[in-house]
1. Listed residues Lys381, Lys396; which is under 26 Å from the mean Cα position of the chain (by Cα) and either outside any helix (DSSP H, G or I) or surrounded by fewer than 17 Cβ atoms within 10 Å (Cβ to Cβ) (or both)?
2. Counting residues that are among the polar types (S, T, N, Q), which strands (runs of 3 or more DSSP E) fully inside the range 259-349 reach at least 2?
3. Restricting attention to the range 35-65, report how many residues are outside any loop (DSSP other than H, G, I, E, B) and either aromatic (Phe, Trp, Tyr) or touching a Ser or Thr at 6+ places or on another chain (Cβ under 6 Å) (or both).
4. Going through Pro291, Pro337 one at a time, which residue ends up being within 27 Å of Pro371 (Cα to Cα), in contact with a His (Cβ under 8 Å, 6 or more places away or on another chain) and in the same structural domain as Ala398 (by TED's automatic domain parsing)?
5. Checking Gln231 against (1) out of contact with any Gly (no Cβ under 8 Å at 6 or more places or on another chain); (2) within 13 Å of the ligand (Cβ to nearest atom); (3) assigned by TED's automatic domain parsing to the domain that holds Cys187: exactly one of these is not met. Which one?
6. Could you give every pair whose Cβ atoms fall below 7 Å, whose first residue belongs to the range 3-16 and is under 16 Å from Thr370 (Cβ atoms), and whose second residue is among the aliphatic types (A, V, I, L, M) and in a helix (DSSP H, G or I), counting only separations of at least 6 or pairs across chains?
7. Right, Tyr185: under 22 Å from Ala79 (Cβ atoms), within 16 Å of the ligand (Cβ to nearest atom) and open to solvent by 20 Å² or more (accessible area, probe 1.4 Å) or not?
8. Here are some conditions: (1) assigned to a strand (DSSP E or B); (2) open to solvent by less than 40 Å² (accessible area, probe 1.4 Å). Ala401 meets all but one. Which one does it not meet?
Amino acid sequence: MNLPNMLDAKKRNSEETKHIYLDDKVSDMYKNKKYFIRTYGCQMNVHDSEEIAYILESVGMTPIDTIEGADVVVLNTCAIRENAHDKLYGFLGRCKHEKETNNHDLIICICGCMPQEESVANDLIKNHPYVDIVFGTHNIHELTDMLLNKMDNQNIKVYSMQGEVFENVKYKRDSNIKAWVDIQYGCDKFCTYCIVPYTRGKQRSRYSTEIVKEVECLKKEGYKEVTLLGQNVNAYGKDIDDISFAELLAKVADTGIDRVRFVTSHPWDFTDDMIEVISERDNIMPYIHLPLQSGSSKILKLMGRRYTKEEYLTLYNNIKAAMPECAITTDIIVGFPGETEEDFNETLDVVNACKYDSAFTFIYSPREGTPAAKMEQLDKKVCEDRLHKLNELINKYAKEANDKYLDKVVPVLIEGLSEKNESLMMGYTDTMKLVNVKGDLSNVGKIVNVHITDVKTWSMDGEIVE
Ligand code: SF4
């Protein structure tokens, strides 16, 4: 048993990051067994689940989409908000019931960010003994060994400190058109509300040569789009003697893959070089997710965000000056401790100035162990009212941004059948707008020109043109 510790998770050492090349461990020990994975949270977790799926298949398993009939259930958790805990424990109750009533041999695994929290790991030991395997974000690669050496008692391995970067990681990717590519792990920013630097560890960048090699392979395999992934992608390279994020973007674009995207950037690390590279390369998509979090410089300081409202607006204006058509989306937290009505109005001012294409908006939720959790919390009703007001404004600008596309012809990468209407196909513009398109399956995986015939707040309709 190896448990996490929040104090250790906060430490940063100056040791050089080790880069370890993983070997493939193949076994047929779980041949004819079925696995079920449920993923909560962000793109990092979605991509981690692709790695977990590969590991489970390398020991002989095949996927199933219900827990009924599964031999192994993996719950890949998120720790960002309070309700993520509620969702996990709700589903865990179902797994427990399945194990107690129908399948006593069911192996229940919990992984991801939640077990990286000391309190959660302790709770799993004390109150959930039916959970068999627990592993953290730092030791996914040990899952094979944990499965092959499954013991009678709980097998818990969650490391607080992480000094490694794993290369040669294999994935069972969800799509054969678009792929996630990890470029760095962890984060050293320690925004005062955020649990990620504790659960994902210190910033560790992959070697640029390995990233470019991975993109070249994906291109050869027929992938059309890659998204470079990290908690703070534009801090890429600051922890190793390698190239900058702007230079990495250029090298990835040079592979000739059709579309390059990246998430998530931190305004503090956004350089003029990045703006130049994005604006110069046709295959780097004109879409940037630029988290604001708050429009009040006072609150930004309390959040530890390292930029002021004015600096954010200057960056926004510089991006728009270089790329007027670039879509910009954001994240905003309302109700952070200390946020007054004036502070909130400053957030609305920034939204009015930036007219975002869309935004993820949240009510602040305290995470145990972070500095902001110890600050005085705001009244829930005040937070809900602010969120409602903010969302109305966000929706208005999202619709206005989409309205500009009406009657235009835009390139769309067709991904598959529309979820809402199976007689339509769906895909995304280069600016990340969802489009439902009349067409057939022969268009899947192609970038086609689409005439936009109708626009809504969060999607558009269109027809393929020659
Ligand atoms: S930069 Fe992002 S991941 Fe890092 S601490 Fe801040 S909010 Fe969390």
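The values are calculated or read from the model by the stated rules, or taken from the named source; none is laboratory data. None of the values given here were measured: they were computed from a predicted structure. Cβ: placed from backbone, ideal geometry, glycine included. Neighbour counts: every protein chain shown. With ligands, DNA and RNA removed, areas are computed over all heavy atoms of the protein, side chains included. Shrake-Rupley method; radii C 1.70, N 1.55, O 1.52, S 1.80 Å.
1. Unique residue meeting the criteria: Lys396.
2. Working: elements: 259-263, 287-289, 327-334.
It comes to 327-334.
3. From the range 35-65, those outside any loop (DSSP other than H, G, I, E, B) are 35-39, 43-58, 62-63; that's our starting set.
Subset that is either aromatic (Phe, Trp, Tyr) or touching a Ser or Thr at 6+ places or on another chain (Cβ under 6 Å) (or both): 35-37, 39, 45-46, 49, 54-55.
Residues in the range 35-65 being outside any loop (DSSP other than H, G, I, E, B) and either aromatic (Phe, Trp, Tyr) or touching a Ser or Thr at 6+ places or on another chain (Cβ under 6 Å) (or both): 9 in total.
4. On the way: Pro337 fails: in contact with a His (Cβ under 8 Å, 6 or more places away or on another chain).
The conditions single out Pro291.
5. (1)
6. Correct list of pairs: Pro4/Ala121.
7. On the way: under 22 Å from Ala79 (Cβ atoms): yes; within 16 Å of the ligand (Cβ to nearest atom): yes; open to solvent by 20 Å² or more (accessible area, probe 1.4 Å): yes.
So Tyr185 passes the test.
8. All conditions pass for Ala401, except number (1).
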